[in-house]
Amino acid sequence: MIRRMDFSALIRTASHEQHVEAETSTFMADLLGGRLGVEAYARYTEQLWFVYEALEAAADRLASDPVAGPFIRPELLRRTALERDLAHLRGPGWRESLSPLPATRAYAARVAECAREWPGGYVAHHYTRYLGDLSGGQIIRGKAEQTWGFARKGDGVRFYVFEDIGNPAAFKRGYRELLDAVPADDLEKQRIVAECKQAFALNTAVFHALGEEFPLTA
Ligand code: HEM
């Protein structure tokens, strides 16, 4: 019999291609290359607010769910940090000017739908965002500090700072153990993997839309 891959390894391997695509999208490459203005970064941060609003509005209700519940951890919650960043980037009136791109609206709607109807799908979205934020997010933070002069781990980049996670590598190991223990059969795991790929695609669509809004003139 073929040795079965742990679910954490399966979801990581299966989404590798989509990860490369998201990571190398023009908008991300331009952002990380320091070629965009702070307004592009603010617009991106604003899009993240809609996604985390959808993810985190459901957190309390899902905390007791057998599939999604173990993933709901207060130290991951990002909304407050995003709101501080937006207040810094946009000023006290940030909330009035908040507007989702159509791609963001679609992404947040899908997260909300999974949160309502399908805890396994919610886990796919949870993994795609939070494990990514704990990983590549740290690279984005460094670049943002360097490019736009935010204080290290301060206002503007608080989204990337997990104050209550002292050891991200250990936290990620624990998270992968939760994935490996997810109470789902093989078919449901395949569905979760497919939703994870979809989650990456939704992120890439937001990057494309942002790329169109902030084209490089050079
Ligand atoms: C330029 C942007 C990005 C960079 C530089 C980057 C970089 C990385 C790196 C270095 C890791 C490996 C960390 C480790 O092995 O512990 C990682 C993992 C991950 N990234 Fe990204 N990433 C980027 C964008 C994204 C995006 C847009 C998403 C999805 C929204 C994402 C989701 C993930 C996930 C889910 C993991 C965890 C994989 C696993 O170990 O299961 N990343 N990223």
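The values are calculated or read from the model by the stated rules, or taken from the named source; none is laboratory data. Only a predicted model underlies this, so the values are computations on that prediction, with no experimental measurement involved. Glycine also receives a Cβ, built like all others from the backbone with ideal geometry; neighbour counts cover every protein chain displayed.
So, in segment 22-52, of the ones that are within 15 Å of the chain's Cα centre (by Cα) and of a type in the set (Asp, Glu), which residue ends up nearest to the ligand (Cβ to nearest atom)? That would be 23.
Have a look at 142, 211 and point out the one that is at pLDDT 95 or above and within 11 Å of the ligand (Cβ to nearest atom). It would help to see each step written out before you state the result.
On the way: 211 fails: within 11 Å of the ligand (Cβ to nearest atom).
Answer to the check: 142.
Between 88, 16, the distinction of being modelled with pLDDT of 95 or more and within 13 Å of the ligand (Cβ to nearest atom) belongs to 16 only.
Of everything in segment 92-137, what is β-branched (Val, Ile, Thr) and within 19 Å of residue 213 (Cα to Cα)? Give them in sequence order. Hit for segment 92-137 is 104, nothing else. Take residue 133 and decide whether it is assigned to a helix (DSSP H, G or I), of a type in the set (Asp, Glu) and within 19 Å of residue 84 (Cα to Cα). Here the answer is yes, as residue 133 does meet what is asked.
Kindly evaluate residue 206 against the criterion of being under 24 Å from residue 41 (Cα atoms), away from the ligand (no atom under 16 Å from the Cβ) and surrounded by 15 or more Cβ atoms within 10 Å (Cβ to Cβ). Reasoning before the result, please.
On the way: under 24 Å from residue 41 (Cα atoms): yes; away from the ligand (no atom under 16 Å from the Cβ): no; surrounded by 15 or more Cβ atoms within 10 Å (Cβ to Cβ): yes.
Taking the combined requirement at face value, the residue does not satisfy it.
If I ask for residues that are exposed (fewer than 14 other Cβ atoms within 10 Å of the Cβ) and under 15 Å from the mean Cα position of the chain (by Cα), which ones from segment 58-75 would you list? The answer is 75, and nothing else. If we scan segment 176-184, do we find a residue that is of a type in the set (Asp, Glu), in a helix (DSSP H, G or I) and at negative phi? Within segment 176-184 (the criterion being of a type in the set (Asp, Glu), in a helix (DSSP H, G or I) and at negative phi), the answer is yes, since at least one residue qualifies. Pairs are defined by a Cβ separation below 8 Å, a sequence spacing of at least 6 or placement on different chains, a first member in segment 108-137 that is over 18 Å from residue 193 (Cα atoms) and away from the ligand (no atom under 13 Å from the Cβ), and a second member that is modelled with pLDDT of 95 or more and not aliphatic (A, V, I, L, M); the pairs so defined are 108/50; 108/53; 108/100. Answer yes or no as to whether residue 124 is in a helix (DSSP H, G or I), over 12 Å from the mean Cα position of the chain (by Cα) and modelled with pLDDT of 95 or more. Here the answer is no, as residue 124 does not meet what is asked. From the list 155, 133, 185, 164, the lone residue that is of a type in the set (Asp, Glu), more than 17 Å from the chain's Cα centre (by Cα) and surrounded by 12 or more Cβ atoms within 10 Å (Cβ to Cβ) is 155.
Contact list please: Cβ distance under 6 Å, first residue in segment 186-205 and closer than 16 Å to residue 20 by Cβ, second residue outside any helix (DSSP H, G or I) and polar (S, T, N, Q), pairs at least six apart or on different chains. Here the result reads 196/15; 197/15; 200/15; 204/25, each pair linking segment 186-205 to a residue that is outside any helix (DSSP H, G or I) and polar (S, T, N, Q). Restrict the check to segment 150-157 and report whether at least one residue is away from the ligand (no atom under 16 Å from the Cβ) and closer than 26 Å to residue 21 by Cα. Yes: segment 150-157 contains one or more residues that are away from the ligand (no atom under 16 Å from the Cβ) and closer than 26 Å to residue 21 by Cα.
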